[in-house]
1. Run the quick spin-label model on T271 and E63: label points 7 Å from Cα toward the beta carbon, then report their separation in nm to one decimal.
2. Go ahead and estimate [θ] at 222 nm for the chain from helices alone: -39,500 (n - 2.57) per DSSP H run with n ≥ 4, summed, over the residue count, rounded to 500.
3. Any idea which of F31, A49, G90 is furthest toward the positive side of the dipole for the range 18-122, if Lys and Arg beta-carbons carry +1 and Asp and Glu beta-carbons -1?
4. Would you mind checking the radius of gyration and Dmax of the range 131-187 based on alpha-carbon positions, in Å?
5. With springs only between Cα atoms under 10 Å apart, run a GNM on the chain and tell me which of G130, G188, G279 wobbles the most.
6. Can you tell me the convex hull volume per residue for the range 3-140, based on C-alpha atoms, in Å³ to the nearest whole number?
7. Please report the relative contact order for the chain, taking Cα pairs under 8 Å with a sequence separation of at least 6, and give it as a percent rounded to a whole number.
8. Is the C-alpha gyration tensor of the range 65-187 telling us rounded, prolate or oblate? Criteria: a/c under 1.5 is rounded; beyond that, a/b larger than b/c is prolate, otherwise oblate.
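Values in this text are rule-based calculations from the coordinates and carry no lab data. The structure presented is a predicted model; accordingly, all values stated were derived computationally and were not measured. Positions of Cβ are backbone-derived with ideal geometry, glycine not excepted, and every protein chain shown enters the neighbour counts.
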Amino acid sequence: MGRWDNLRRILALDPERDHQEIYRLSAGFEFPWDYQRSMEYALFRTYCAPSISRLLAATREFERRPQRRYDDTALLIAEMMEHGYDSLRGKAALRSINRAHGRYRITNEDMLYVLSTFVFEPARWLDRFGWRRLSSHERLAAFHFYRAVGARMGIRDIPTDYAEYEQFNVDYERRNFIYTTDNAAIGGYTLELFCSWYPKAARPLIRPALRSLMDRPLLDSFGFRPAPSWLTRLSESGVRLRSAIVRELPPRRHSKLANDPHNRTYPGYPTGYDPADLGAGEPPADIDPTLLRRT
């Protein structure tokens, strides 16, 4: 199997009709590491909107169980990516997502924005750092994939045009990205979670290295100090060097999207687990009732 065979297969498919297969090939075989990293930064971006971070802070899930929240989100998305949103496991993942969101008052605009980050942040990451750039087929397939997922989540008014949805994403950030203490708290918990994956001795360098890949609106919304310019150059060069090496490797033969036996919260996943097992718990008893869907 040649390095470009997956791309040739993707280009032979229809990005609207075959969007699930294209997205699975792209995320699971061509760019699994890049999709994981870009999704992490996509989630970071959603915490920059005060209406979102206020709710997340009130649930205290990121304060008490940040690793589980991260694993639940990553696995529920991966189940749909790997098996399809209308598969048995995909439907179970959607039910878990809808159950968690259904407890709270979340505006349709906020839901539209969060969904948009899963479409556009991976494309932007791969434009900067990928071993190749995404094809138009892959960009459109991701767009059609998340439009279908969003419809199954009850999200309204999802744009039917890729460029229109991307403009919504840009405009939303311009209107809503401002610093708040809730942003800072959720951003801080998430940054420390990512640092916890590394040895303690390395964490003083990991923190600024993670910040070095953030743009200014993201840094300002969290109140994070920018990383030194030399570290930004080093981080970007390191990711690009990795991509240059990956470009010369044979293609991946097995997808690991929803098959991670080393998962930190669910050891051996997916063996012994069902997507219905995942998801946030009940709201805390003292949560502001105005944040709940039913008061």
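1. 3.8 nm
2. Mean residue ellipticity at 222 nm (helix-derived): -19500 deg cm²/dmol.
3. With unit charges placed on the Cβ atoms, the residue in question is A49.
4. 14.8, 40
5. Maximum fluctuation in the GNM of the chain, among the listed residues, is at G188.
6. 116 Å³
7. That works out to 33 percent.
8. Because its axes are fairly even, with a/c under 1.5, the range 65-187 counts as rounded.
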